[in-house]
Amino acid sequence: MFESLTPQPPDKIIALIDEFRADPRPDKLDLGVGVYRDAEGRTPVMRAVKAAEARLLQTQDSKSYKALAGDGAFLDAMRDLVLGAEAPADRIAAVQAPGGTGALHRLFELAAKADSGAVVWISDPSWPNHAAMLRHLGIPQRSYRYFDPATRGVDFAAMVEDLKGAGPRDVVLLHGCCHNPTGANLTAEQWDVLTEMALAQGFVPMIDLAYQGFGDGLAEDVAGLRAMAARLPEMLIAASCSKNFGVYRDRVGAGLVLCRDAAAAALAADNLAALNRVNYSFPPDHGAAAVTLVLTDPALRADWEAELDAMRRRMLALRQGLADALRRETNDGRFDFIASHRGMFSRLGASPEQVERLKREHGVYMVGDSRINVAGLREDGLEALARALVAVGL
């Protein structure tokens, strides 16, 4: 039976992790893996999350199942965190999922179930798992241009031109903030243009929200999404808690579906629960329970927001520091885009050969498209990294 299986292509980031671990150089630098790291290179458990988990240990009196769609208190807290008051609660169906990936998978399945002919449009470039999941599910996909390699910013004119081809009931996947892998974000005005296009053409936006709070702030990072939700009849949102709560391995995520009316929302909720049933039945609870405590306890929430803001400001300082170091090294401003990007990632524009040289000659590890994880930078290593980037010809 199993001899008919074919080998699967290796995950490039996992392979990069293995290479980095095997490298004996003491000054090697890992800019590939997409996790937040503090100044000591650790991915810490956030203070509020640790306090919430301690409280759960003392007060939780059962590990029985929650609802098929997940814990209602968690879903309410996530709806408020993401959408605020911009959309009526009775028009929103919600489902708990294992991480942002699980939420995306669930929403892709729901869209395909609602319209088997719908095409999902994804940005070029995008997080590789977007396309991989769509292929796995057999959902047709198309790409739209997003990133301008010359300016290292959003090529919005090209994006709009391509999305003119999105038809009624197609799904257009947008990054809510902190675009992965480029770090280049849409402006408020550009979100408005896309909203007008969705209204005119009838496509349904789907927002991948993996980094709320990592860009300009918790509210600022969802301003475009909320403005869109206030005007559109339908919308899909996949929200992840992995980064902003630091619960990567606990797999905490939520799928939110904005519907035309309460009746449609009830129908969507019923189908989301049924999809959970045939995939993993009841979603995992521990991480979501901790997140719920953090979001609903005023003291824990204040501490979480303070720590999250410190993480965000540290990444902004690292961005500015690297841009300044490169300006000193090159005597020009061609790397200033690093400071204007937001979130964990920026795409530097290095060729695969330059990426390989950085790894071989300087011990600097990044994925092949030259995406770097800004949170992996060291404050005391910015000048050395700037010299290495220039040395390989950037």
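Total residues in region 174-192 satisfying the condition of being over 23 Å from PRO128 (Cβ atoms), aliphatic (A, V, I, L, M) and buried (at least 16 other Cβ atoms within 10 Å of the Cβ): the figure is 0.
Is there any pair linking a residue in region 306-334 that is in the same structural domain as SER346 (by TED's automatic domain parsing) to one that is among the β-branched types (Val, Ile, Thr), with Cβ under 7 Å and at least six apart or on different chains, and which? If the second residue must be among the β-branched types (Val, Ile, Thr), the pairs left are MET315/VAL374; LEU318/VAL374; ARG319/ILE338; ARG319/VAL374; LEU322/ILE338; ALA323/ILE338; GLU329/VAL390; THR330/VAL390.
Given the residues ALA262, ALA266, ALA238, ALA289, which is the only one that is crowded, with 24+ Cβ neighbours inside 10 Å and either within 22 Å of LYS63 (Cα to Cα) or touching a residue at least 24 places away in the same chain (Cβ under 8 Å) (or both)? When all the criteria are applied, what remains is ALA238. When ILE372 is tested against the conditions (1) outside any helix (DSSP H, G or I); (2) surrounded by fewer than 21 Cβ atoms within 10 Å (Cβ to Cβ); (3) among the β-branched types (Val, Ile, Thr), the lone failure is (2).
When we screen ALA111, ALA103, ALA77, ALA87 for residues that are assigned to a helix (DSSP H, G or I) and farther than 17 Å from ALA210 by Cα, the only hit is ALA111. Within region 55-76, residues that are on the phi > 0 side of the Ramachandran plot reach partners that are surrounded by 10 or more Cβ atoms within 10 Å (Cβ to Cβ) and among the β-branched types (Val, Ile, Thr) with beta carbons closer than 8 Å, at six or more positions or on different chains, in the pairs GLY70/VAL95.
When ARG37, ARG55 are checked against the criterion of being assigned by TED's automatic domain parsing to the domain that holds MET366 and either modelled with pLDDT of 95 or more or surrounded by 10 or more Cβ atoms within 10 Å (Cβ to Cβ) (or both), ARG37 stands alone in meeting it. Would you be able to say whether some residue in region 84-95 is farther than 24 Å from ALA227 by Cα and either surrounded by fewer than 20 Cβ atoms within 10 Å (Cβ to Cβ) or not assigned by TED's automatic domain parsing to the domain that holds SER281 (or both)? No, region 84-95 contains no residue that is farther than 24 Å from ALA227 by Cα and either surrounded by fewer than 20 Cβ atoms within 10 Å (Cβ to Cβ) or not assigned by TED's automatic domain parsing to the domain that holds SER281 (or both). Of the candidates PRO44, PRO10, PRO26, the single residue that is in a loop (DSSP other than H, G, I, E, B) and over 24 Å from the mean Cα position of the chain (by Cα) is PRO26.
For region 226-285, a residue qualifies if it is under 22 Å from HIS130 (Cα atoms) and of a type in the set (Asp, Glu), and the qualifying residues are GLU234, ASP250.
The values are calculated or read from the model by the stated rules, or taken from the named source; none is laboratory data. Values in this document were obtained by computation on a predicted structure and should not be read as measured data. Ideal geometry is used to build each Cβ from the backbone, glycine not excepted, and the neighbour counts take in all protein chains shown.
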